[in-house]
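The values are calculated or read from the model by the stated rules, or taken from the named source; none is laboratory data. Just so you know, these numbers come straight off a predicted model, no measurement behind them. Please note: Cβ atoms are built from the backbone with ideal geometry, for glycine as well, and neighbour counts cover all protein chains shown.
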Amino acid sequence: MERDLLTAAAVMTAAVAGGLAVRRWLLFVMVVDSVSMAPTLAPGRRVPTRRFRHKRRIRRGDVLVFTSPELGRMVVKRVLGLPGEQVVIEATGLIRVNGTPVPEPYVAKPCGPGGTFQVPPGHLLLLGDNRACSSDSRHWKWPYVPATAVRGTAIATRRDRVS
């Protein structure tokens, strides 16, 4: 009986330690708290997120969880501009990267403020999929998010990546 209790305690301890290790170094869950990523991610949705390792290359279309210097909290947005790129958001909502139109099948209604953005080295331009209701790079005082602010990549949306 005493041996069974010790075995159970050891198993529980290992399970808790394993869970904490996974959360610390591999995965975490982000709860979407706004409509800015709808229809891709609805408010209240729990999104499994792979912790970002700076060895991994960030690609256009990735959905990232990052600490927003502007908002002072973790948020979820999609990568539209990579370091060194010029991103033009036209009044119609069409996005051009270095002059090439970028298809965005995940955006229900392209709208909101436009502009021209020159993404500096080591930074990203990030937008919500629900452009009408998203506080994102287009609205922030400093529109570029340092790559070092990235905490993870949302796993459930990988199929939505664009080239």
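In the list Thr116, Thr153, Thr148, which residue meets the criterion of being under 17 Å from Ser36 (Cα atoms), in contact (Cβ under 8 Å) with a residue 24 or more places away in the chain and not aliphatic (A, V, I, L, M)? Only one candidate passes the filter, namely Thr153. Against the list (1) under 20 Å from Ser68 (Cβ atoms); (2) part of a strand (DSSP E or B); (3) over 19 Å from the mean Cα position of the chain (by Cα), the condition Val87 fails is (3).
Just checking, which of Ala108, Ala154, Ala149 is under 30 Å from Phe28 (Cα atoms) and touching a helix residue (DSSP H, G or I) at 6+ places or on another chain (Cβ under 9 Å)?
Values: Ala154 fails: touching a helix residue (DSSP H, G or I) at 6+ places or on another chain (Cβ under 9 Å); Ala149 fails: touching a helix residue (DSSP H, G or I) at 6+ places or on another chain (Cβ under 9 Å).
When all the criteria are applied, what remains is Ala108.
Out of the residues in the range 119-137 that are surrounded by fewer than 20 Cβ atoms within 10 Å (Cβ to Cβ) and either touching a Phe, Trp or Tyr at 6+ places or on another chain (Cβ under 9 Å) or of a type in the set (Gly, Ala, Ser) (or both), which is nearest to Val87 (Cα to Cα)?
Restricting to residues being surrounded by fewer than 20 Cβ atoms within 10 Å (Cβ to Cβ) and either touching a Phe, Trp or Tyr at 6+ places or on another chain (Cβ under 9 Å) or of a type in the set (Gly, Ala, Ser) (or both), the top hit is Pro120.
Inspection of the range 21-28 identifies at least one residue that is out of contact with any Leu (no Cβ under 9 Å at 6 or more places or on another chain), modelled with pLDDT under 85, more than 16 Å from Ile155 (Cα to Cα) and of a type in the set (Lys, Arg). Among the conditions (1) surrounded by 14 or more Cβ atoms within 10 Å (Cβ to Cβ); (2) of a type outside the set (D, E, K, R); (3) in a loop (DSSP other than H, G, I, E, B), the only one that Thr153 does not satisfy is (3). Restricting the range 42-61 to residues that are within 25 Å of Trp142 (Cα to Cα) and either out of contact with any Leu (no Cβ under 9 Å at 6 or more places or on another chain) or without any contact (Cβ under 8 Å) to a residue 12 or more places away in the chain (or both), the residue that is surrounded by the fewest Cβ atoms within 10 Å (Cβ to Cβ) is Arg57. Exactly one residue among Arg96, Arg46 is at pLDDT below 95, over 11 Å from the mean Cα position of the chain (by Cα) and charged (D, E, K, R), and that residue is Arg46.
Given the condition of a type in the set (D, E, K, R) and assigned to a strand (DSSP E or B), answer yes or no: does some residue in the range 113-133 qualify?
Here is the first cut: in the range 113-133, the residues of a type in the set (D, E, K, R) are 129, 131.
Okay, now just the ones that are also assigned to a strand (DSSP E or B), so none.
No: the range 113-133 contains no residue that is of a type in the set (D, E, K, R) and assigned to a strand (DSSP E or B).
Just wondering, is there one or more residues in the range 84-105 that are of a type in the set (Asp, Glu), closer than 16 Å to Gly128 by Cα and surrounded by 14 or more Cβ atoms within 10 Å (Cβ to Cβ)? Looking for residues that are of a type in the set (Asp, Glu), closer than 16 Å to Gly128 by Cα and surrounded by 14 or more Cβ atoms within 10 Å (Cβ to Cβ), one finds at least one in the range 84-105, hence yes.
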